[in-house]
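Each remark here refers to the structure printed beneath this line.
Read-outs: derived from the displayed coordinates by stated rules, not from any lab. What you see is a predicted model; the values in this text were computed from it and never measured. Methodologically, a virtual Cβ is constructed for each residue, glycine included, from the backbone with ideal geometry; neighbour enumeration extends over all protein chains shown.
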Ligand SMILES: [Zn+2]
Ligand SMILES: [Zn+2]
């Protein structure tokens, strides 16, 4: 989770206060929050920041590769850990969870060998039921 942290600390020195607050908020959680949630977190540090500023910075930071932008099923979710890793999204409670396994490093090379594309990044999101929702579903079925 904290891979590449020294690098991001170094980078933080040159960030605007807005970006630094956004990155701090994102790095303090593992929940992959949406823009609304990030806005609420950042507001505690920078009370005068607007939703538009948070949203614009999130988009720019994702485009620059500083953070990850993930498809949260109609809603965008953001990740302070920009190193490629695999995700799971629960279709029931919408939790976005990091999978405890190494991403398939070769996948990028394979695609690059098979095609002429120059791959910059990729996104893998497994979907299904998280352990808690699975348990709730089971209880509902047996009740
Ligand atoms: Zn769930
Ligand atoms: Zn993640």
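Taking the highest mean first, how do the peptides 83-90, 59-66 order by number of other beta carbon atoms within 10 angstrom per residue? Could you put the intermediate results ahead of the total?
Working: 83-90: 17.1, 59-66: 14.2.
Highest mean packing first, the order is 83-90, 59-66.
Dividing the mean sequence gap of close Cα pairs (under 8 Å, 6+ apart) by how many residues segment 1-82 holds gives a relative contact order of 32 percent.
Here the chain was treated as a single set of alpha-carbon atoms; its pair distances binned every 10 Å from 0 give 10, 35, 32, 17, 5, 0 percent. Two numbers describe the Cα atoms of segment 1-82: Rg and Dmax, which are 11.7, 34 Å.
Gain on full extension, evaluated as 0.36 nm per residue between residue 37 and residue 138 minus their Cα-Cα distance, stands at 33.3 nm.
By counting other Cβ atoms within 10 Å of each Cβ, how are 12, 139 ranked from fewest to most?
Numbers: 12 13, 139 9.
In order of increasing Cβ crowding within 10 Å: 139, 12.
Using 0.36 nm per residue and subtracting the Cα-Cα separation, the extra length available between residue 63 and residue 118 on full extension is 18.2 nm. With q set to 0.25 Å⁻¹, the log10 of I(q)/I(0) for segment 84-143, from the Debye formula over equal scatterers at the Cα positions, is -0.98. Normalised size of segment 48-99, defined as Cα radius of gyration per 2.2 N^0.38 Å with N residues, equals 1.23.
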